[in-house]
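The structure appears below as structure tokens.
The values are calculated or read from the model by the stated rules, or taken from the named source; none is laboratory data. What you see is a predicted model; the values in this text were computed from it and never measured. Virtual Cβ from ideal backbone geometry, glycine too; neighbours counted across all protein chains shown.
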Ligand SMILES: Nc1nc2c(ncn2[C@@H]2O[C@H](COP(=O)(O)OP(=O)(O)OP(=O)(O)O)[C@@H](O)[C@H]2O)c(=O)[nH]1
Ligand SMILES: [Mg+2]
Ligand SMILES: [Zn+2]
């Protein structure tokens, strides 16, 4: 391999046997930096394995045709399965306040799933134009008690997005996740206006989105920052060990990590153990208890098999 012609790249899109890869170069933002690539040898293995968001090494770079070959996959910081994306720095859980209706348990599941990736998690509520103004502060306070300070937005107007856009520019690779029809793509189109991705109205009949976004793609916001729009999907809770669940709830995590609260037993699950010192008076405690129950059941089932 001729090292002079080797460059580092970021996979921004994947389709059939091809990838779009942006060449990463210090300082210069090449206009012609998006290359159509195939991966070297062992194609079927790598094909499945290389994800959008992966960093790769490119060779055989043809600047005229804008093609190259992926030689190697570089180490990942993290990845998620559904949707399959690598090297996420920040997760934005997006939900509408209405149409589709806000489901607290579904939203909580999305947040918990996101927290299990160990990256920064934020909450955005869209369609604020569909509810009366006095409900905004009610919702803000509710989710603040969950440990999040939601941005409550209407994407019908443009004027509330300045801060969010500024914030997104400071993140390397943010991902928008949430159910179908909540406005993920609408938001992305507002943040990066020139990409013009398709959106569609929520079905009045089924009161749900109709999965307009089907592909996973990284969109560039600034030289160093990307955003991933994802198709809306119903969450499938991954198995989480009982002892790991408390740290996915900021309501517990803050007590343990910030305030140093300790229970008598190190393996306390904060249900009804003697010497449990955590404050359980928070709204989502019932969700916590359900998760512990489900996780224990799954644990027993797998042991029985
Ligand atoms: N009233 C109102 N409608 C909105 C708002 N944001 C988005 N919408 C509408 O909601 C519908 C769905 O928006 P999309 O952006 O396609 O939703 P999505 O989350 O990308 O959906 P999928 O791609 O299916 O996952 C569109 O008709 C948007 O115009 C908002 O703040 N207020
Ligand atoms: Mg979409
Ligand atoms: Zn405890």
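Take the conditions in contact with a helix residue (DSSP H, G or I) (Cβ under 8 Å, 6 or more places away or on another chain) and either surrounded by fewer than 17 Cβ atoms within 10 Å (Cβ to Cβ) or touching a residue at least 24 places away in the same chain (Cβ under 8 Å) (or both) and apply them to residue 96. Does it pass?
Judged against the criteria, residue 96 is a match.
Do we have any residue at all in segment 94-113 that's part of a strand (DSSP E or B), assigned by TED's automatic domain parsing to the domain that holds residue 178 and under 22 Å from residue 240 (Cα atoms)?
Of segment 94-113, the ones part of a strand (DSSP E or B) are 94-96.
After this cut, where a residue has to be assigned by TED's automatic domain parsing to the domain that holds residue 178 as well, the list is 94-96.
Filter once more, so that each one left must be under 22 Å from residue 240 (Cα atoms): none.
No, segment 94-113 contains no residue that is part of a strand (DSSP E or B), assigned by TED's automatic domain parsing to the domain that holds residue 178 and under 22 Å from residue 240 (Cα atoms).
Determine if segment 171-186 includes at least one residue that is at pLDDT 95 or above and out of contact with any strand residue (DSSP E or B) (no Cβ under 8 Å at 6 or more places or on another chain).
Among the residues of segment 171-186, not one is at pLDDT 95 or above and out of contact with any strand residue (DSSP E or B) (no Cβ under 8 Å at 6 or more places or on another chain), which makes the answer no.
Take the residues of segment 181-198 that are at negative phi and not in a helix (DSSP H, G or I): which is farthest from ligand 1 (Cβ to nearest atom)? Step through it out loud before you land on a result.
Residues of segment 181-198 that are at negative phi, as a first pass: 182, 184-195, 197-198.
Filter again for not in a helix (DSSP H, G or I), leaving 182, 192, 197-198.
On the way: 182: 4, 192: 13, 197: 8, 198: 7 Å.
By that ranking, first place goes to 192.
Before we move on, is residue 111 buried (at least 20 other Cβ atoms within 10 Å of the Cβ) and under 18 Å from residue 282 (Cβ atoms)? If you could, list the steps in order and put the result at the bottom.
Values: buried (at least 20 other Cβ atoms within 10 Å of the Cβ): yes; under 18 Å from residue 282 (Cβ atoms): yes.
For residue 111, the condition - buried (at least 20 other Cβ atoms within 10 Å of the Cβ) and under 18 Å from residue 282 (Cβ atoms) - is met.
Of all residues in segment 200-222, which are closer than 24 Å to residue 51 by Cα and part of a loop (DSSP other than H, G, I, E, B)? Working first, answer last.
So in segment 200-222, the residues closer than 24 Å to residue 51 by Cα come out as 211-222.
If the condition is that a residue be closer than 24 Å to residue 51 by Cα and part of a loop (DSSP other than H, G, I, E, B), then 211, 212, 213, 214, 215, 216 are the ones that fit.
Please determine, by comparing only the residues of segment 114-130 that are in a helix (DSSP H, G or I) and in contact with a helix residue (DSSP H, G or I) (Cβ under 7 Å, 6 or more places away or on another chain), which one is nearest to residue 229 (Cα to Cα).
Narrowing segment 114-130 to residues in a helix (DSSP H, G or I): 114-115, 128-130.
Of the ones still in play, those that are also in contact with a helix residue (DSSP H, G or I) (Cβ under 7 Å, 6 or more places away or on another chain) are 115, 128.
Working: 115: 18, 128: 21 Å.
The selected residue is 115.
Quick check on this structure: which one of 227, 216 is at pLDDT 90 or above, within 16 Å of ligand 2 (Cβ to nearest atom) and surrounded by 17 or more Cβ atoms within 10 Å (Cβ to Cβ)?
On the way: 216 fails: at pLDDT 90 or above.
Being at pLDDT 90 or above, within 16 Å of ligand 2 (Cβ to nearest atom) and surrounded by 17 or more Cβ atoms within 10 Å (Cβ to Cβ) holds for just one of 227, 216, which is 227.
Search segment 8-18 for residues being at pLDDT 90 or above and more than 21 Å from the chain's Cα centre (by Cα), and hand back the single one that is nearest to residue 83 (Cα to Cα).
Result: 18.
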